[in-house]
Amino acid sequence: MLILGIESTCDETAASIVKDGTIVLSHSIASSAEIHRQYGGVFPELACRRHIDAILPVIAEALRDSKISPHDLDAIAVSKGPGLIGALLIGLQAAKGLAIAWKKPLIGINHVEAHLYAAFMSQNPPFPALGFVLSGGHTLMLNVMSVGRYELLGTTVDDAIGEAFDKAATILGLSYPGGPALEKLAETGDEKKFPFTPPKVKKNPLAFSFSGLKTAVLYAQKKASPDDYPDIAASFQKTAFDDLSIKAELAMKAASYRSIVFGGGVTNNQRLRDHFAQKFPQIPQFWPSFGLSTDNAIMIAGLAHHKLLSGDFAPLDLEAMPRLPFWIEEKE
Ligand code: KG4
Ligand code: ZN
């Protein structure tokens with residue numbers, strides 16, 4: 001089965017052709033991140049305008065590199081949400097137009113579910129898996145029963161973890177996107193120097209909260225000299241990762257899991273991978289290959305294979321959905 005995947009939820013315009021859910025024939029991506037750098041975060045209107053310019057060239061490149069003809073495609077898949085409404089609309093309109101022109105079925109993909117699927121592209125984690133989506137817009141801990149069946153265990157009550165990395169990075173004078181820059185700065189820092197407290201959410205031990213940690217970084221920075229910034233970065237990073245592993249441990253006490261699966265931009269962080277390997281040596285851990293942590297269309301076309309097999313096609317009036325849960329709600 002050959003699927004063209006299209007991604008345009010935020011500041012990356014991407015297209016990819018994937019065979020049978022795992023074999024990547026091509027991948028093309030255009031990023032507008034450099035435009036947003038001067039604003040310290042994504043400027044939605046500018047991101048949307050760049051999608052308009054980039055969408056067709058990116059799709060054309062993915063097709064050319066794959067060496068297949070559009071007639072060979074079995075479906076066209078597109079991120080339908082969550083994301084910036086204007087950005088989503090551009091990918092959706094392109095996908096619908098091509099579906100009509102080439103007479104192919106359309107598949108709507110949840111971008112966040114696709115982040116979790118990225119780890120399944122080259123591996124077969126055993127179920128049930130404890131799943132983490134750690135991105136710029138989401139922090140989710142899930143019981144993954146199979147690809148397509150998820151139960152929410154905990155999410156953030158305020159900032160997402162990637163957002164907290166970006167904000168902490170800005171406080172420390174680093175440019176957008178701050179996550180990779182903060183990881184680099186932390187490499188030379190002492191993570192015990194600033195004993196920040198892992199955040200707790202009253203009445204919900206599995207929920208996350210990162211805005212207090214970001215404020216703690218701000219207070220520490222105000223009193224510190226730039227020489228201390230690596231220590232602040234390392235301490236922030238350690239506290240955020242301790243928080244994830246504390247909650248993973250709680251979840252694993254309440255139910256048994258055969259693996260842990262990770263997805264989303266923050267999983268690019270090597271320190272995070274080492275942290276989990278060291279905390280949970282007894283349980284196999286599955287991470288996306290590095291290019292698949294951040295936004296891409298490979299994961300969209302990959303997950304679409306499973307939707308295609310279950311006949312989960314979208315109508316041509318499929319709408320963009322800025323908010324879009326894909327899980328069964330939290331257990332009481
Ligand atoms: O998954 P993603 O590409 O986009 C969303 O769907 O949100 O995630 C982007 C987020 C940004 O907040 C970025 O700072 C963070 O992932 N990120 C990192 C690293 N690389 C990207 N955070 C920490 N360490 C990294 N190495
Ligand atoms: Zn994403």
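When the test is whether a residue is within 10 Å of ligand 1 (Cβ to nearest atom) and at pLDDT 95 or above, V133 passes it. Scanning segment 305-324 for residues that are within 16 Å of ligand 2 (Cβ to nearest atom) and more than 16 Å from L88 (Cβ to Cβ) gives no hits.
Going residue by residue through segment 251-269, is there one that turns out to be closer than 30 Å to D11 by Cβ, free of Cβ contacts under 8 Å to residues at least 40 places away in the same chain and in the same structural domain as D158 (by TED's automatic domain parsing)? Within segment 251-269 (the criterion being closer than 30 Å to D11 by Cβ, free of Cβ contacts under 8 Å to residues at least 40 places away in the same chain and in the same structural domain as D158 (by TED's automatic domain parsing)), the answer is no, since none of the residues qualifies.
Residue selection: D228 satisfies the criterion of being in a helix (DSSP H, G or I), touching a residue at least 24 places away in the same chain (Cβ under 8 Å) and farther than 24 Å from L153 by Cβ. Taken residue by residue, segment 146-158 has no member that is out of contact with any Lys or Arg (no Cβ under 9 Å at 6 or more places or on another chain) and either part of a helix (DSSP H, G or I) or within 14 Å of ligand 2 (Cβ to nearest atom) (or both). Screening L272, L309 for residues that are hydrophobic (A, V, I, L, M, F, W, C), out of contact with any strand residue (DSSP E or B) (no Cβ under 7 Å at 6 or more places or on another chain) and under 25 Å from A233 (Cα atoms) leaves exactly one candidate, L272.
Scanning segment 171-218 for residues being assigned to a helix (DSSP H, G or I) and either more than 28 Å from Y39 (Cβ to Cβ) or more than 16 Å from ligand 2 (Cβ to nearest atom) (or both) gives a total of 15. Which residues, counting only those in segment 91-128, are out of contact with any strand residue (DSSP E or B) (no Cβ under 8 Å at 6 or more places or on another chain) and either within 16 Å of ligand 2 (Cβ to nearest atom) or outside any helix (DSSP H, G or I) (or both)? Scanning segment 91-128 gives K103, S122, N124. Scanning segment 304-313 turns up no residue that is at pLDDT 95 or above, assigned to a helix (DSSP H, G or I) and over 22 Å from M1 (Cα atoms). Which one is surrounded by the fewest Cβ atoms within 10 Å (Cβ to Cβ) among residues in segment 98-146 that are touching a helix residue (DSSP H, G or I) at 6+ places or on another chain (Cβ under 6 Å) and of a type in the set (F, W, Y)? Once the filter is applied, the top-ranked residue is W102. Comparison of A168, A240, A234, A248 shows that the only residue that is outside any strand (DSSP E or B) and out of contact with any Leu (no Cβ under 7 Å at 6 or more places or on another chain) is A234. If you go through segment 273-301 and keep only what is more than 14 Å from ligand 1 (Cβ to nearest atom) and either under 12 Å from H27 (Cα atoms) or free of Cβ contacts under 8 Å to residues at least 24 places away in the same chain (or both), you end up with A277, Q278, P281, Q282, A301. Taking segment 99-117 as the range and being over 30 Å from G265 (Cα atoms) and either small (G, A, S) or within 9 Å of the chain's Cα centre (by Cα) (or both) as the test, only A101 passes. Just one residue in the set S259, S225, S245, S175 is surrounded by fewer than 22 Cβ atoms within 10 Å (Cβ to Cβ) and modelled with pLDDT under 95; that residue is S175.
Please determine whether any residue of segment 81-90 is over 25 Å from K167 (Cα atoms) and not aliphatic (A, V, I, L, M). There is no residue in segment 81-90 that is over 25 Å from K167 (Cα atoms) and not aliphatic (A, V, I, L, M).
Residues are listed down the side, and each one gets a yes or a no for (1) within 16 Å of ligand 2 (Cβ to nearest atom); (2) among the polar types (S, T, N, Q); (3) more than 18 Å from L134 (Cα to Cα):
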residue: F236; (1), (2), (3): no, no, no
residue: R258; (1), (2), (3): no, no, yes
residue: T267; (1), (2), (3): yes, yes, no
residue: Q270; (1), (2), (3): no, yes, no
residue: R273; (1), (2), (3): no, no, no
residue: I283; (1), (2), (3): no, no, yes
residue: A297; (1), (2), (3): yes, no, no
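Residues in segment 282-310 that are closer than 26 Å to E163 by Cβ and either touching a Gly at 6+ places or on another chain (Cβ under 8 Å) or among the aliphatic types (A, V, I, L, M) (or both): P288, L292, S293, T294, D295, A297, I298, M299, I300, G302, L303.
The residue list G148, G91, G81 contains one member that is within 16 Å of ligand 1 (Cβ to nearest atom), closer than 16 Å to W327 by Cβ and in contact (Cβ under 8 Å) with a residue 40 or more places away in the chain, which is G81.
The values are calculated or read from the model by the stated rules, or taken from the named source; none is laboratory data. Because the structure is predicted, anything quoted here is derived from the model rather than measured. Note that we place each Cβ from the backbone using ideal geometry, even for glycine, and neighbour counts take in every protein chain shown.
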